[in-house]
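To start, the structure under review is shown below, and the notes come after it.
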Amino acid sequence: MFDELLCESAAELVGFYRARGLTLATAESCTGGLVAGLITSVAGSSDVLERGLVTYSNLSKAECLGVDAALLDRFGAVSAEVAQAMAAGLLERSPADVAVSITGIAGPGGGSDEKPVGLVHFGCARRGAPLTLVEKRFGDLGRTKVRLAAVTVALDLLLQAAGAP
C-alpha cells in the first residue's frame, strides 16, 4: 500500500516510541488518515498509536478537537493557527504523549494566490514541551504526491518530538 521507504520510516517511528514508552495521536485533514494508516501497517503499532482522527470538515475540527469556530472563520482551516489548535486540542483530549496535526490543500482545486495548492500546515505537541509549527509549500505536485509528502513531514515531526536525532 505504501512505498518501502515510508514503511521503513513508520517502523523506525514505532520502534522509537515503543522503546521510550511513548504514545502518539494524529489529527489529519488533507492526509485523510494516511499517517495513522501507515503507522498501523507496522506490526505492534497498537503499543504506540493511541488514536487517529480524520477531522476533514471545520465542524469536525471544532467538535472533535475543540478548534474555535472564530479561529476557523478568521484564519481558515489551512493555517498555522488552526494546525496549532488541532494539535493542542488533540493532546488535551487524549492520553497520548505526542499529537500531530495536518491541514492543507492537496488540490487539484481549492488553492488561491495566498493559499496555493500544496500548502500544508503541521502542528506537533508533546506534553511539557513547546508546540512546534511547520509550514510546507510542496507546490502543485498532484493530490497524491502532496498528501504523501505531508505524511513524510508528519513522521519526521513525530520522531523529533520523541527526541530522535
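General remarks:
- Contact map, region 138-161: first residue over 12 Å from Val35 (Cα atoms) and without any contact (Cβ under 8 Å) to a residue 60 or more places away in the chain, second residue outside any helix (DSSP H, G or I) and of a type in the set (Val, Ile, Thr), Cβ cut-off under 7 Å, separation 6 or more or different chains; pairs are Phe138/Val120; Asp140/Val117.
- Count of region 119-138 residues which are in contact with a Leu (Cβ under 6 Å, 6 or more places away or on another chain) and over 13 Å from Thr26 (Cβ atoms): 1
- Residue pairs meeting the criteria (Cβ under 7 Å; at least 6 apart or on separate chains; first within 11 Å of Leu155 (Cβ to Cβ), in region 16-37; second hydrophobic (A, V, I, L, M, F, W, C) and open to solvent by 40 Å² or more (accessible area, probe 1.4 Å)): Thr26/Leu53
- In the set (1) crowded, with 17+ Cβ neighbours inside 10 Å; (2) in a helix (DSSP H, G or I), Arg18 fails one condition alone, (1).
- Yes/no for Gly128 being at positive phi, free of Cβ contacts under 8 Å to residues at least 24 places away in the same chain and out of contact with any Pro (no Cβ under 6 Å at 6 or more places or on another chain): yes
- Region 142-165 - residue that is open to solvent by 40 Å² or more (accessible area, probe 1.4 Å) and either under 13 Å from Ala87 (Cα atoms) or assigned to a loop (DSSP other than H, G, I, E, B) (or both) and, of those, modelled with the lowest pLDDT: Pro165
- Hey, Phe2 open to solvent by less than 60 Å² (accessible area, probe 1.4 Å) and at pLDDT below 95 or not: yes
- Applying the criterion of at least 3 residues that are closer than 25 Å to Leu13 by Cα and open to solvent by 60 Å² or more (accessible area, probe 1.4 Å) to the helices (runs of 4 or more DSSP H) found wholly in region 25-141 leaves 80-93.
The values are calculated or read from the model by the stated rules, or taken from the named source; none is laboratory data. The shown structure was predicted, so the numbers you read here are calculated from the model rather than taken from an experiment. All Cβ positions, even for glycine, are placed from backbone atoms using ideal geometry, and neighbour counts span all protein chains on display. Heavy atoms of the whole protein, side chains included, go into the accessibility calculation; ligands, DNA and RNA do not. Shrake-Rupley method; radii C 1.70, N 1.55, O 1.52, S 1.80 Å.
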